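Data block below; observations after.
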Amino acid sequence: MKVVVIGGGIGGLALAQALRRAGVDVAVHERDEGPGTRWEGYRIHINPAGARALSACLPAARWQEFRDTAGPGGDFGFLTERLRELLVVEESIMYPDGAADPAEDHYAADRATLRRLLAEGLDDVVHYGAEFVGYEVLPDGRVRADFADGRSAVADLLVGADGAASRVRRRLLPGVRTLDAGAVGVAHKIWLTDEIRAALPARLCTGMNAVLTSGPCFLFTSVFEPPQPDARPYLLAALVARPDVLPPDVTELDGDALRVAVDVLVSGWDPRLRRALAAADPRSRTAVAFRATGPLSPWPAGPVTVLGDAIHVMPPIGGLGGNTALRDAHLLGRLLPAVARGERDLLGAVGEYEAEMREYGPAAVRYAMDQKEQTLAGSDGPIAAVTARLFFGLCASVPAVRRWAFGREWSRVAAARAWERAERPALAG
Ligand SMILES: Cc1cc2nc3c(=O)[nH]c(=O)nc-3n(C[C@H](O)[C@H](O)[C@H](O)COP(=O)(O)OP(=O)(O)OC[C@H]3O[C@@H](n4cnc5c(N)ncnc54)[C@H](O)[C@@H]3O)c2cc1C
């Protein structure tokens, strides 16, 4: 059996690693000219669904390297824009099995390092500079993928892992739409120098935080604290706002113009935070308009399938997109080797993958959209903001309420599915 994957992002590479490990013939076609040609400056939060997938897809030494190079995920704090601490949710509440099992833990990983680890050992598998343009199902049931330079590749299974604007999905499922999610994020990378650390409250220099406001925006922050002494720690700070409070051309603005737009929005905030945002690495300031995949109806399984953002793009609020792409790769990587060994039929395996993915994928999209609504709740006016703050106060003072409110909700999306539990017998009970 030959598997051709379109797109060498997080999901496509993880699938290739899993198939390679299982001895399945796989090729990845990526339009980038080479590894490392794209700027991947920020950290990515890997939750237990992603960690489970990485531990299963990667060879043991590379999974260990991931753990050696990733920083801790940390607790999650909530603050006001005047930097008053409202609440800290401990990681033991968010990810209760993390202390016992590294594959059940969460991590702050550097994106470029993760992509390098995922590409390692795949030199003969990944074809760079290969822009996919279309596919045809052949009379014998196999698929021919066509590339912009005139080349083509024939496969028993074509996997579209080509991201949010997926051409594979548009051809396979033309009725599936990605919609404007009603929020824009402006990301900043702030180097955690001694000066910045001294200026900011300690809470902002650790773990993850949401700075909530009574307006239609909030700031998400996350520290990347690399274990290696020669790597530089930084703070990812993403200002998320309703699009109408930012310039209409915000995604086209350069770093300096974005700094001005952000400064206007945060004008009433604590000056320490405003100064830190203004001191962000100017090349790192970028604005992204968030999108979300609309509802998915079942479709018949065939020799073409899709994974990751190609089929369930979502706002990054909650940090689930990459983890869900990894979960897809994990699942497909489990199911396809039996097909290659002749133990089951291809369409049965693809159908099983798609049926399961159609449950957890859209659930992750809904979760991200709910998180967006809740964190922009300030836009509903001061009463909603005051109610939210009273709720945080209750959670902060009563651990049982905190566990009830955040444990249930936050661990749900990353909790092990039945097939993931089956792989980790320690969790089965
Ligand atoms: C600011 C921000 C922060 C985020 N933070 C997190 C986080 O903390 N945790 C998390 O889990 N997720 C996070 N995400 C989401 C995450 O980045 C995506 O969900 C994830 O990258 C999806 O992986 P993927 O492999 O499906 O797609 P991608 O990573 O987009 O990879 C798709 C690949 O396909 C290639 N490609 C596209 N078209 C073609 C073509 N025609 N031919 C050949 N190749 C093609 C692209 O070049 C790319 O390499 C964040 C997103 C943003 C924007």
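Take the residues in the stretch 1-35 that are part of a helix (DSSP H, G or I) and within 6 Å of the ligand (Cβ to nearest atom), then tell me which one is nearest to L117 (Cα to Cα).
Going through the qualifying residues, I end up with I10.
Yes or no: the stretch 192-207 includes at least one residue that is surrounded by 20 or more Cβ atoms within 10 Å (Cβ to Cβ) and within 15 Å of the ligand (Cβ to nearest atom).
There is at least one residue in the stretch 192-207 that is surrounded by 20 or more Cβ atoms within 10 Å (Cβ to Cβ) and within 15 Å of the ligand (Cβ to nearest atom).
From the list A181, A148, which residue is under 25 Å from the mean Cα position of the chain (by Cα) and either within 13 Å of the ligand (Cβ to nearest atom) or of a type in the set (K, R) (or both)?
A181
Only one of S152, S166 is polar (S, T, N, Q), buried (at least 19 other Cβ atoms within 10 Å of the Cβ) and either farther than 17 Å from G302 by Cα or free of Cβ contacts under 8 Å to residues at least 12 places away in the same chain (or both); which?
Sole residue among the options that is polar (S, T, N, Q), buried (at least 19 other Cβ atoms within 10 Å of the Cβ) and either farther than 17 Å from G302 by Cα or free of Cβ contacts under 8 Å to residues at least 12 places away in the same chain (or both): S166.
Answer with yes or no whether A287 is within 15 Å of the ligand (Cβ to nearest atom), over 30 Å from R52 (Cα atoms) and within 25 Å of the chain's Cα centre (by Cα).
yes
Exactly one condition in (1) of a type in the set (G, A, S); (2) in a loop (DSSP other than H, G, I, E, B); (3) more than 12 Å from the ligand (Cβ to nearest atom) is not met by A56; state its number.
Every listed condition holds for A56 apart from (2).
Being under 30 Å from A276 (Cβ atoms), acidic (D, E) and surrounded by fewer than 17 Cβ atoms within 10 Å (Cβ to Cβ): is that true of E136 here?
Taking the combined requirement at face value, the residue does not satisfy it.
For the stretch 295-312, name all the residues that are within 29 Å of L239 (Cβ to Cβ) and more than 7 Å from the ligand (Cβ to nearest atom).
Of everything in the stretch 295-312, those that are within 29 Å of L239 (Cβ to Cβ) and more than 7 Å from the ligand (Cβ to nearest atom) turn out to be I311, H312.
Give the stretch 38-68 a look and list any residue that's among the acidic types (D, E) and either over 21 Å from K189 (Cα atoms) or at pLDDT 95 or above (or both), or say none.
E65, D68
Could you tell me how many of the residues in the stretch 62-77 are part of a helix (DSSP H, G or I) and either buried (at least 18 other Cβ atoms within 10 Å of the Cβ) or basic (K, R) (or both)?
Within the stretch 62-77, residues that are part of a helix (DSSP H, G or I) and either buried (at least 18 other Cβ atoms within 10 Å of the Cβ) or basic (K, R) (or both) number 5.
Quick check on my filter: what residues within the stretch 40-61 are buried (at least 24 other Cβ atoms within 10 Å of the Cβ), among the hydrophobic types (A, V, I, L, M, F, W, C) and over 14 Å from the mean Cα position of the chain (by Cα)?
Hit for the stretch 40-61 is C57, nothing else.
Output the number of residues of the stretch 357-412 satisfying the condition of being in contact with a Ser or Thr (Cβ under 9 Å, 6 or more places away or on another chain), at pLDDT 90 or above and among the β-branched types (V, I, T).
1
The values are calculated or read from the model by the stated rules, or taken from the named source; none is laboratory data. Just so it is clear, the structure is predicted and the values come from calculations on it, not from any experiment. Reconstructed Cβ throughout: ideal geometry from the backbone, glycine too, with neighbour counts over all protein chains shown.
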